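First the structure, in the form of structure tokens, and then the observations on it.
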Amino acid sequence: MKKTLVAIGLSTLILSASELNIAGSSTVYPFSAFVAEEYAAIKNTRTPIVESVGTGGGFKIFCEGKVDIANASRTMKESEFQNCQKNGVSNIVGVMIGYDGIVLAQNKINAPINITLEQLFLALAKEIPQNGKLIANPYTHWNQIHPSLPKRKITIYGPPSSSGTRDTIEELILGKVSKKFKEYGNQAGKYKSIRQDNAYIPSGENDNLIVTKLSADKEALGLFGYGFLANNQDKIAALDIDSIQANEENIASGKYELARSLFIYLNTKNKESLEFAKIFMSDDLASSDGELSKIGLVPLSETLLKETQERLQNPSNLTLKLIKEGKVSK
């Protein structure tokens, strides 16, 4: 098969001649890169260029008409959809490709840890409740949050603000847990401020960099997509969250609290984007025993996969109504 062209960050490659250009989520990147190779072999054509620029960055250039497919670890926002429409990118088809879980991982040399979602919140939040008011996060070591946690410095490598994974962390950890504390007032359920005192370290759009950092910084923790855990289990291990293990079964069922859906968005003005999606969602690649599950994608149920395959035969365009409902298709 032909080699996938890869670039981390926005580069001149994105504008070069190719059947398809794809950009966006670092979590979806390895799956799209794999499918790009399959697409090229099946179609006997050039391998699509796949870039990892983050979900937000991917939507930006997708809506500018610079790429044909946006990889995303969250649904498209209303503002992004409206930007697409303004720029004449109106033939948009959204496809849910499977599931992922955000894992909190550490170097395998460390003893296993079970952490609660609330404890993780107290490590991440810029401000925490104390004595009836919010104060700047004072915690420097995990055992200060709870004595059951190790006496290790709080260092968490994670995604930058352009990342869909970061959006999900803000929603599923900060937003969710802040509801429990009256001190957040009208911010409760909406609080999204991650601390900026080097306890949380944004580490770029390539999650493999976080895995590398955990190999070097053996006391640190990392937040990233399950697929990168699945492919590096010889080096790193996930912490249980609220006594629930991060595995395919718990993510697919939603039992794991940091589970989420993954997507690709197509600009079907380029008809090949739809052909790419059909190959992506084929039984050989996207089913429970398909090739993508072997590299970390948690697959759709058999029923959902069949529905998606049927929808791709006669897809309908994304609408503002669907966006507001948090959906990608009818």
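The values are calculated or read from the model by the stated rules, or taken from the named source; none is laboratory data. Values in this document were obtained by computation on a predicted structure and should not be read as measured data. As a convention, Cβ positions derive from the backbone with ideal geometry for all residues, glycine included, and neighbour counts pool all protein chains shown.
For this structure, a couple of remarks:
- Taking the stretch 81-175 and the strands (runs of 3 or more DSSP E) fully enclosed by it, the elements with 3 or more residues that are over 25 Å from residue 296 (Cβ atoms) are at 127-130, 133-136.
- Helices (runs of 4 or more DSSP H) contained in the stretch 185-304 and holding at least 2 residues within 21 Å of residue 115 (Cβ to Cβ): 207-216, 226-230, 248-253
- Matching residues in the stretch 280-307 - criterion: being surrounded by 21 or more Cβ atoms within 10 Å (Cβ to Cβ) and β-branched (Val, Ile, Thr): 298
- Listed by first and then second residue, the pairs linking a residue in the stretch 238-266 that is more than 25 Å from residue 50 (Cβ to Cβ) and not assigned by TED's automatic domain parsing to the domain that holds residue 89 to a residue that is assigned to a loop (DSSP other than H, G, I, E, B) and β-branched (Val, Ile, Thr), with Cβ atoms under 8 Å apart and 6 or more places separating them unless they lie on different chains, are 239/113; 240/113; 241/116; 242/116.
For every residue, the table says whether it meets (1) surrounded by fewer than 23 Cβ atoms within 10 Å (Cβ to Cβ); (2) modelled with pLDDT under 95.
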position	(1), (2)
11	yes, yes
19	yes, yes
36	no, no
61	yes, no
80	yes, no
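- Flag if residue 128 is hydrophobic (A, V, I, L, M, F, W, C), touching a helix residue (DSSP H, G or I) at 6+ places or on another chain (Cβ under 8 Å) and farther than 23 Å from residue 229 by Cβ: yes
- Positions within the stretch 38-59 being of a type in the set (Gly, Ala, Ser) and buried (at least 24 other Cβ atoms within 10 Å of the Cβ), in sequence order: 52, 54, 58
- Within the stretch 170-226, considering residues that are among the β-branched types (Val, Ile, Thr) and touching a strand residue (DSSP E or B) at 6+ places or on another chain (Cβ under 7 Å), the one surrounded by the most Cβ atoms within 10 Å (Cβ to Cβ): 210
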